[in-house]
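Only one structure is covered here, and it is reproduced in the block below.
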Amino acid sequence: MSVELDVFVGNTTIMDKEVYQLWLNGYTVNDAVKVRIEGGVMEECEASAEVLLSDTMDQYRTFQMCERLLHHPAKLANQLLFQIPPDRQAMLIERYYAFDDSFVREVLGKKLSKGTKKDLDDVSTKTGITLKSCRRQFDNFKRVFKVVEELKGPLVENIRQHFLLPDQLARDYAAIVFFANNRFETGKKKLHYLTFQDFAFCAGQLINNWTLGAVDNIMEDMDVDLDKEFLQELKDLKILITDKDLLDQHKSLVCTALRGKTNVFNEMEANFKNLSRGLVNIAAKLINAKDVRDFFIDLVEKFIEPCRSDKWTSIDVNLYLTHYTNSVHILDTFKHHAVWTRYMGVIKSCILRMYHD
Amino acid sequence: MPGKLKAKIVAGRHLPVMDRASDLTDAFVEVKFGNTTFKTDVYPKSLNPQWNSEWFKFEVDDEDLQDEPLQITVLDHDTYSANDAIGKVYIDIDPLLCSEAATVISGWLPIYDTIHGIRGEINVLVKVDLFNDLNRFRQSSCGVKFFCTTSIPRCYRAIMVHGFVEELVVNEDPEYQWIDRIRTPRASNEARQRLIFLMSGELQRKIGLKVLEMGGNAVVGYLQCFDLEGESGLVVRAIGTACTLEKISSTLPATATHPSNSSPSKDMKEPGFGEEAPGVPLSSGPPTPLRAQTFSSFSPSKSYSRQSSSSDTELSLTPKTGMGSGGSAGKEGGPLKALLRQQTQSALEQRGVSSSSEAFVRTGEYPFFTLAAFPPGFLLHVGGVVSARSVKLLDRIHNPALGNTRSYKLLDWNSFTADEPETRDAWWEEIRQEIKSHAKALGCHAVVGYSESTSICEEVCILSASGTAAILSSRFMQDGPLDTEHRLSRQPLCVFSTGSERVEGDMGSSASLGFEEVVSPGCGFCHIPYDELNIPFPAQLTYCYCCRRYKVPDVLFTTIDLPTEANVTGKGCLIQARLCRTKKKAQGEGNATVISNLLPFLEYELHTQLMNKLKLRGMNALFGLRIQISVGETMLLGLASATGVYLTALPSPGGIQIAGKTPSDITYEQHISNMQKKINDTIAKNKELYEINPPEVVEEIIGSPIPEPRQRSRLFRSQSESSDEVSELDLSHGKKDAFVLEIDDTDAVEDIHALLTDSPTPAGFYSCNTEIMPGIQNWTSAIQMFTSVRVFRLNANLTNQGLNKIFSDLCENLLKSLYFKLRSMVPCCLCHLNFTVAIPEDELIQVAVTAVAMSFDKEQLLENGKQSGEKTLIKAITENDEQLQFNLELNAETSAPNPLSSPKGLSEVGSHLSARASSVDYSSFADRCSSWIEQLKLKAHTIRRGSVKTTSSMEKASPLPEGRSRSLRSNRSYSGSSVAVVKMTPLSFIPGAKIIKYLGIINMFFIRETTSLREEGGVSGFLHTFIAEVFAMVRAHVAALGGNAVVSYSMKECVFMENPNKNQAQCLINVSGDAVMFVRESELESTSVQTQSATTHTSNGAEGT
């Protein structure tokens, strides 16, 4: 005696949010039933384990049938097979494209290739996320990347329109795409303390300020790549450390402004040249793709770590960077004010964001 | 050339990739009608081709227009090899042939392939130019409207009900033709689909002709079925009720200018809702059941409200303040009434001239009605269920020499009917005759709620027919319009609150059948139609508990919906009897004999089970009874479903007593008394659950609650040697005490256990298999139609007991699953639960359920809570409301004995009435205010989001409450979505909405086959996809007709066959329904809040009464 066939089809497709989440998390039907039983849905609704199993199987089947539509969320709205209310559609898409921060930290900045996909089982063991879920998340990254890669116009907007994602999620995907495209190194031990949201914030800064799309609004521009011209110009900033006079002048301006305003003034004064060299060197090297990859590690090594070892507070860092940036404009011989502002604006907000334990 | 069909192929989208090399498709379209084919150009290398073709014109006979579907084939062009078919779309042209239905078919339709399912969509435009054909001898019946709905459709009124129409068409099944051996499965499936399309077209045309002959213009309750007889062919048959319908012309202007009209008029349209506006979620008038109960014998109070409210709407300038009591209404409404009466009389006269007096001659040979719900006053008396079955051996239809019909009833296997060319016709003829004679035996002249069905296994076929014997009001047949919405004609009946009896009496005396005095409609239909001294079966008769003037039976079984005006105590529930009987494998005649011998026992047991379960729930009547008997190789399945209710007019059912046969054993007796206690407890619990607390007065009057003799089987069976055996069975049982269950063997013990193990519905759920549940009014707009299918594999060598248990568990578990699935809709009622069982193979049982879950407002539950003494205070408005209602209840209670003790207590009741009217005024006024706010909000929404058909309706239709809290963002991102929401429901109405147009019948047949079952997710995955596809296609066709809902939807066939070893499966599905366009009541009302406010007070006062 066995149930050979068991289906339930509603005119409006019934989808249980909880089961959907279990499915997304890569649980098998049996595991999902166990979780649901523990969740107490049985007592609530006077149901039996059998009923729960039947319902779970049915829901899983529905989700599988929907999955190919979710790969192209725009299709979900004008397909005829499932009648799903718009708010449900939004929920389905949003959850399908949601990802685990711990997972994304593992693949952030890596090439979204078959090779990376093969290593997902390691990621799965490391993060405790099921392989199925890892694959879904990885495929989502890859799918978004592929679609957006060739598109012109603002990155976040493109993602939002093509995948109908809510604003925050679209921004996160923009960050992922941006990191994957520029292959930023994020896996080094020194960077482990940084969360995905830290990187996403920095990516947002870079996208908004350092790409071609950031300066002029011509739609042909792409947000995925850094503005080459700007990177070229960054080399001109070197004068700030190569010209001895300029460097000293800069230092004295900053120190005058800072004196008496912080407890770590001595350390600031002592470290000024080092730190300034560090930041300007990062700028000058960005023209090389390889150094772009090391952008974050450089920031940590050249600036954050020294400051941290001198026990600066983030207020100190903020103060220092503000004056460090502004004082340059008082230097008579320095000509590259626009580039400096564009560069330091991003650097300052990135460092402030990254400056935590 | 009476017709020109025009089609235009606009575009395609989401097409499958047909060319692996380019990942694209070179698509073109063939448009075929009859023998003419047109082609579009090839649109190269695209999955979203834009053909934008010219108009393809077909000049055809309207006969062909009715028979043939428009066939659209999408193909992939291939230069070197044959073009590959992508899929097809069949379009039924019929809705375009009727001036009142759709005018154009336009929209995205799924491209369907029987092997691959839906493969993209195609956008088409189809129109028909019809020339008038006045040829008397024409073969077409264009313009006859068809409705699946088993009541008078909402925006029509019946001028005349002509009666029963039937027709059947036979053909060879292409699947069994020799050519099938050499053609592909796809070709064979398509041949079958096309043939069935053609056959149903032809059938519809022929029935239409019959209707025209009778002078009608529509078929209501149209039921079309397929019999897949395998080798012997394919039968498509249909039955229906011919009517002359008239569109209520003023629907739109009336509702637009007088919105208050819509709610009072609804109580006519939506039987069972009482006077409440069912869809307005905020409406919380006094609880209808209570009211109905209290004023049970006081029909004028109901009619009265209609009168005053309708006069409001029709002549809104007249002051209506004094409408609270009957007397004052009579004075003030005087001139108005006279006017109305004049109009009506003239209308009646006109009809009198045009129609002859032969009321039932008009109904043809069989006075059968496929309708299950009737306008108030139409159904006078109900006798009981009549049913007939016969077992036949199938043979090739086209070979009359071999066409021997065998009825197990005759058991005469040598009787050849060789000279009978139309065997199937003759078979049905036989059965209908039998039904007719059964009805006669019950003293009835008509059968309502009539339906026919078959079950086929190999060459044995069981034909079944059932209905409810009834007496109908002849005035409706002759000249009285069966009006559902039109109030003018009703006026004379309702003008004088005290005089209504007189008027109705007048009508009654004109009725030929001698039911001269018409009593209140609330109990009238329960009164026995047969002669008391000459009862066709032993039955316990008592005086009606409502009017105390006529005899009623102690139990009533019917196949119809609960009449609107019926007085019901408490709520109803789904009651099922399930039975499984093993039988020996046999061939041909032997098999037929075995089956015919088993049938009577099966039916008898089903009946006993139903009766016991009914008693167990403390109820006394069954509505919507449907008994399905399914035959397999080694077993017979019987499933009887019905909705049990407690009719106030009928006596309260006694309990169930069990008795042991072997006394003297103390432990045994203890066991029995334990069991007895359990049963009593269950009955008590059920009474509480279903709120069955009939007035106490009843007990006093009866005196002694003697266990009444068992109700005789109301089921008229047509089994072998019919009359003799039936009476014999009944007699043997009649000697014993009716409710006594004897435990003489293990079987009986099992039976009792089974009785007690029927699990109750979980909290917040109700279920019924009729259109609506008595006692629930305030439906919200959240509805969810669903289909669930289960197939169960049995072990070999099971006993009857084991089988029974498995089958019963299967049904119970299915119900449990449904409750669980739909838990988010609580409080809700599963309405129209329609179970179909089949035995697709040896050891397989298939159960399919289609139903609709409808949420209702908690408000009502609160009221219930109040009844038991708990009073919850909420917001100011509701609080106010509730207090008023509480008063009303007290009021009602005090007056409760009145109608019972004094039939002449009209004046007394009248005074109560006025008190009620005034108090209700405030509550519903407050109600109105809040609902205005709601409406205004809704309106603001609508304006912002544009047309009803796109997103806005989609959002509104969302059955999920989360829909409200949608952010701007999602609004933006979805504004582009173009799929209109189409609601589906097996009911004839949509809660909270008004159907403004019927667009035509939907009758679709699909075959799906796969040779890669595992890859498609196994049998469940395969069927899940297929059912979803069928829903999608129904929705798309409805949307293309300009509709936004399907009502009276049913899945009439779901034949599933599998061969897992070969990785193959095949499924056939046939669905039908009425495509409609509806408008939300809130939208209607919000269009004219102004007018409404002017009439609010009076109309509400009337509504409340």
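The values are calculated or read from the model by the stated rules, or taken from the named source; none is laboratory data. Values in this document were obtained by computation on a predicted structure and should not be read as measured data. Positions of Cβ are backbone-derived with ideal geometry, glycine not excepted, and every protein chain shown enters the neighbour counts.
From the list B:Lys584, B:Lys678, which one is modelled with pLDDT of 85 or more, surrounded by fewer than 23 Cβ atoms within 10 Å (Cβ to Cβ) and touching a helix residue (DSSP H, G or I) at 6+ places or on another chain (Cβ under 7 Å)? If you could, list the steps in order and put the result at the bottom.
Working: B:Lys678 fails: modelled with pLDDT of 85 or more.
Only one candidate qualifies: B:Lys584.
Output the residues belonging to segment B:828-857 that are under 17 Å from B:Glu812 (Cβ atoms) and in contact with a Pro (Cβ under 7 Å, 6 or more places away or on another chain).
Initially, segment B:828-857 is screened for residues under 17 Å from B:Glu812 (Cβ atoms), giving B:830, B:833-837, B:845-849, B:851.
Passing the criteria: B:Asn834, B:Gln846, B:Ala851.
Kindly indicate which of B:Leu109, B:Leu203 is within 14 Å of chain A (Cβ to nearest Cβ), under 30 Å from the mean Cα position of the chain (by Cα) and not small (Gly, Ala, Ser). Before the answer, list the steps.
Working: B:Leu203 fails: within 14 Å of chain A (Cβ to nearest Cβ).
After ruling out the rest, the residue left standing is B:Leu109.
Considering segment A:1-47 alone, what residues qualify as being aromatic (Phe, Trp, Tyr), closer than 19 Å to A:Ala98 by Cα and within 14 Å of another protein chain (Cβ to nearest Cβ)?
Going through segment A:1-47, the residues aromatic (Phe, Trp, Tyr) turn out to be A:8, A:20, A:23, A:27.
Filter once more, keeping what is closer than 19 Å to A:Ala98 by Cα: A:20, A:23, A:27.
If the condition is that a residue be aromatic (Phe, Trp, Tyr), closer than 19 Å to A:Ala98 by Cα and within 14 Å of another protein chain (Cβ to nearest Cβ), then A:Tyr20 is the only one that fits.
What are the residues in segment B:152-162 that are surrounded by fewer than 24 Cβ atoms within 10 Å (Cβ to Cβ) and of a type outside the set (A, V, I, L, M, F, W, C), if any? Even if it seems obvious, please write down each step before you answer.
Of the residues in segment B:152-162, the ones surrounded by fewer than 24 Cβ atoms within 10 Å (Cβ to Cβ) are B:155, B:157, B:159, B:162.
Within segment B:152-162, B:Arg157, B:His162 meet the criteria.
Conditions tested, residue by residue: (1) part of a helix (DSSP H, G or I); (2) free of Cβ contacts under 8 Å to residues at least 60 places away in the same chain.
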residue	(1), (2)
B:Leu579	no, no
B:Ala586	no, yes
B:Asn591	yes, no
B:Ile595	yes, no
B:Phe623	no, no
B:Ser630	no, no
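Tell me, which residue of segment B:683-711 that is surrounded by fewer than 19 Cβ atoms within 10 Å (Cβ to Cβ) and of a type in the set (S, T, N, Q) is modelled with the lowest pLDDT?
Filtering segment B:683-711 for residues that are surrounded by fewer than 19 Cβ atoms within 10 Å (Cβ to Cβ) and of a type in the set (S, T, N, Q), the one modelled with the lowest pLDDT comes out as B:Ser704.
Among the residues of segment B:781-825, which ones are at the interface with chain A (Cβ under 8 Å from one of its Cβ atoms), part of a helix (DSSP H, G or I) and charged (D, E, K, R)?
Result: B:Lys816, B:Lys821, B:Arg823.
Confirm whether A:Val280 is under 20 Å from A:Lys251 (Cβ atoms) and in contact (Cβ under 8 Å) with a residue 40 or more places away in the chain.
Working: under 20 Å from A:Lys251 (Cβ atoms): yes; in contact (Cβ under 8 Å) with a residue 40 or more places away in the chain: yes.
Judged against the criteria, A:Val280 is a match.
Based on what the data block shows, is B:Ala592 more than 28 Å from the chain's Cα centre (by Cα), buried (at least 23 other Cβ atoms within 10 Å of the Cβ) and over 22 Å from B:Ala373 (Cβ atoms)?
Numbers: more than 28 Å from the chain's Cα centre (by Cα): yes; buried (at least 23 other Cβ atoms within 10 Å of the Cβ): yes; over 22 Å from B:Ala373 (Cβ atoms): yes.
So B:Ala592 fits the description; yes.
Would you pick out the residues in segment A:29-78 that are touching a Pro at 6+ places or on another chain (Cβ under 8 Å) and more than 23 Å from B:Gly764 (Cα to Cα)?
Passing the criteria: only A:Ala77.
Filter segment B:1022-1079 down to the residues that are within 13 Å of another protein chain (Cβ to nearest Cβ) and among the aromatic types (Phe, Trp, Tyr), then identify the one that is surrounded by the fewest Cβ atoms within 10 Å (Cβ to Cβ).
B:Phe1056
Yes or no: B:Ala796 surrounded by fewer than 24 Cβ atoms within 10 Å (Cβ to Cβ), out of contact with any Ser or Thr (no Cβ under 8 Å at 6 or more places or on another chain), in contact (Cβ under 8 Å) with a residue 24 or more places away in the chain and among the aliphatic types (A, V, I, L, M)?
Numbers: surrounded by fewer than 24 Cβ atoms within 10 Å (Cβ to Cβ): yes; out of contact with any Ser or Thr (no Cβ under 8 Å at 6 or more places or on another chain): yes; in contact (Cβ under 8 Å) with a residue 24 or more places away in the chain: yes; among the aliphatic types (A, V, I, L, M): yes.
Taking the combined requirement at face value, the residue satisfies it.
Output the qualifying pairs, or none if there are none: Cβ atoms under 7 angstrom, residues six or more apart or on different chains, first residue in segment A:25-50 and in contact (Cβ under 8 Å) with a residue 12 or more places away in the chain, second residue polar (S, T, N, Q) and crowded, with 18+ Cβ neighbours inside 10 Å.
Cβ pairs passing all conditions: A:Asn25/A:Ser133; A:Gly26/A:Ser133; A:Val29/A:Thr56; A:Ala32/A:Thr56; A:Val33/A:Thr56; A:Arg36/A:Thr56.
Scan segment A:111-119 and tell me whether some residue there is in a helix (DSSP H, G or I), at pLDDT 90 or above, within 24 Å of A:Ala170 (Cβ to Cβ) and out of contact with any Pro (no Cβ under 6 Å at 6 or more places or on another chain).
no
Taking interchain pairs and intrachain pairs at least six residues apart, which have beta carbon atoms under 8 angstrom, with the first residue in segment B:1016-1032 and free of Cβ contacts under 8 Å to residues at least 40 places away in the same chain and under 19 Å from B:Ala851 (Cβ atoms) and the second of a type in the set (Ser, Thr, Tyr) and buried (at least 24 other Cβ atoms within 10 Å of the Cβ)?
B:His1024/A:Thr62
So, in segment A:147-162, exactly how many residues are closer than 14 Å to A:Ile93 by Cβ, more than 10 Å from chain B (Cβ to nearest Cβ) and surrounded by 21 or more Cβ atoms within 10 Å (Cβ to Cβ)?
Of the residues in segment A:147-162, 1 are closer than 14 Å to A:Ile93 by Cβ, more than 10 Å from chain B (Cβ to nearest Cβ) and surrounded by 21 or more Cβ atoms within 10 Å (Cβ to Cβ).
Can you name every residue in segment B:143-154 that is out of contact with any Asp or Glu (no Cβ under 7 Å at 6 or more places or on another chain), assigned to a loop (DSSP other than H, G, I, E, B) and among the hydrophobic types (A, V, I, L, M, F, W, C)?
B:Val144, B:Ile152
Take segment A:60-77 and flag every residue that is more than 10 Å from chain B (Cβ to nearest Cβ), touching a residue at least 40 places away in the same chain (Cβ under 8 Å) and closer than 13 Å to A:Glu94 by Cα.
A:His71
Quick check on my filter: what residues within segment A:299-349 are among the acidic types (Asp, Glu), out of contact with any Gly (no Cβ under 9 Å at 6 or more places or on another chain) and touching a residue at least 60 places away in the same chain (Cβ under 8 Å)?
Filtering segment A:299-349 down to residues among the acidic types (Asp, Glu) leaves A:301, A:305, A:310, A:316, A:332.
If we keep only those that are out of contact with any Gly (no Cβ under 9 Å at 6 or more places or on another chain) as well, we get A:305, A:310, A:316, A:332.
Residue satisfying the conditions is A:Glu305 alone.
Could you list, in sequence order, all residues of segment A:48-94 that are of a type in the set (Gly, Ala, Ser) and under 26 Å from the mean Cα position of the chain (by Cα)?
So in segment A:48-94, the residues of a type in the set (Gly, Ala, Ser) come out as A:48-49, A:54, A:74, A:77, A:90.
Those that are of a type in the set (Gly, Ala, Ser) and under 26 Å from the mean Cα position of the chain (by Cα): A:Ala74, A:Ala90.
Scan (1) more than 14 Å from chain A (Cβ to nearest Cβ); (2) part of a loop (DSSP other than H, G, I, E, B); (3) closer than 19 Å to B:Ser188 by Cβ for the single condition B:Glu1009 breaks and write down its number.
Status for B:Glu1009: all satisfied but (2).
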